[in-house]
1. Looking at region 38-60, I want the residues that are touching a residue at least 24 places away in the same chain (Cβ under 8 Å) and have a partner that is of a type in the set (A, V, I, L, M, F, W, C) and in a loop (DSSP other than H, G, I, E, B) with Cβ atoms under 9 Å, at least 6 apart or on another chain. Which pairs are those?
2. Among what's in region 57-79 and is over 21 Å from Ser111 (Cα atoms) and of a type in the set (A, V, I, L, M, F, W, C), pick the residue that is farthest from the chain's Cα centre (by Cα).
3. Only residues that are surrounded by 10 or more Cβ atoms within 10 Å (Cβ to Cβ), acidic (Asp, Glu), in contact with a strand residue (DSSP E or B) (Cβ under 8 Å, 6 or more places away or on another chain) and in a loop (DSSP other than H, G, I, E, B): list them for region 200-238, please.
4. Could you please let me know if Glu179 is loosely packed, with under 14 Cβ neighbours inside 10 Å, modelled with pLDDT of 95 or more and part of a loop (DSSP other than H, G, I, E, B)?
5. Collect the residues in region 52-108 that are surrounded by fewer than 17 Cβ atoms within 10 Å (Cβ to Cβ) and of a type in the set (Gly, Ala, Ser), keeping them in residue-number order.
6. So if I check each of Asp128, Asp172, Asp200, which one is closer than 21 Å to Glu75 by Cα and modelled with pLDDT under 95?
7. Restricted to region 145-176, and to residues that are among the charged types (D, E, K, R) and not in a strand (DSSP E or B), which residue is farthest from Val228 (Cα to Cα)?
8. Among residues belonging to region 139-163 that are under 18 Å from Thr217 (Cβ atoms) and in contact with a Lys or Arg (Cβ under 7 Å, 6 or more places away or on another chain), point out the one that is surrounded by the most Cβ atoms within 10 Å (Cβ to Cβ).
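The values are calculated or read from the model by the stated rules, or taken from the named source; none is laboratory data. Since this is a predicted model, take the numbers as computed values, not measurements. Cβ placement follows ideal geometry from the backbone for every residue including glycine, while neighbour counts extend to all protein chains displayed.
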Amino acid sequence: MKKVISQLLFFCLLIVFCISGYYLFQYGKEEFQVYELEEHLEEEKQSLIEGENDFTKLLKENPDTVGWIMIPGTEIDYPVVQTDDDSYYLTHDYNKAESGHGSIFMDYRNSANVSDKHTILYGHNMRDGTMFHDLNEYKNLDFLSKHRYIEYRNLNGIYRWEIFSTYSTNVDFDYLQTEFVSNDVFLSFINNLLTHSQFDSYEMDLKEEDRILTLSTCCNDIENGRRVVHARLIEEVK
């Protein structure tokens with residue numbers, strides 16, 4: 001009986017070892033995949049900057065490309081993609097390979113040229129510091145003070161946005177509205193975003209003609225938590 005129990009225990013441990021090895025292999029494989037992709041995208045970004053905002057190469061690699069987002073001084077420096085739903089790029093990287101890191105992507109309801117009153121970008125909060133992980137740093141007022149501007153590029157030009165609100169919330173708060181029946185409704189909406197901010201140091205006189213950019217990721221502060229950053233367009237270079 002002891003021999004049978006020992007053999008069963010051995011086989012159980014062997015199965016656990018094999019499963020653990022498989023997941024470690026998959027994790028290492030994905031990390032290497034992310035590293036290679038980021039190295040490649042860094043080269044593409046330099047070509048984009050030096051080539052006067054020429055998205056030709058990026059569009060050839062992925063026709064879903066709609067722009068590039070960068071927050072100076074952070075790790076947020078990625079191409080932005082868009083498809084007809086908000087699920088595909090949760091599990092696929094820029095090369096459309098399956099990846100738990102996903103991609104930075106625009107809400108499917110938005111116009112790709114960021115002409116809407118409210119444009120929304122999503123990205124995962126990755127423990128390795130990639131994607132939208134650095135949005136969590138905006139819990140710190142000093143970090144906000146040093147990184148309050150967002151740069152966004154697309155085929156039409158370069159856009160500069162200034163952050164006016166940041167907070168953690170749950171899915172019960174609707175900060176993802178994209179259609180507004182009137183300017184008054186929109187103004188009420190963005191002022192509500194402003195009042196939700198955990199900091200009041202950057203209060204702005206928001207106007208109905210403003211265009212707003214929202215960055216959204218998950219957070220662990222609260223159940224079903226989201227870390228959100230809102231910014232107002234302050235400069236547009238065509």
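1. Leu48/Phe55; Asn53/Leu155; Phe55/Leu155
2. Top of the filtered list is Ile71.
3. Within region 200-238, Glu203, Asp210, Asp221 meet the criteria.
4. yes
5. Gly73, Ser87, Ala97, Gly100
6. Going through Asp128, Asp172, Asp200 in turn, just one is closer than 21 Å to Glu75 by Cα and modelled with pLDDT under 95: Asp128.
7. Here the answer is Lys146.
8. In this case the residue turns out to be Trp161.
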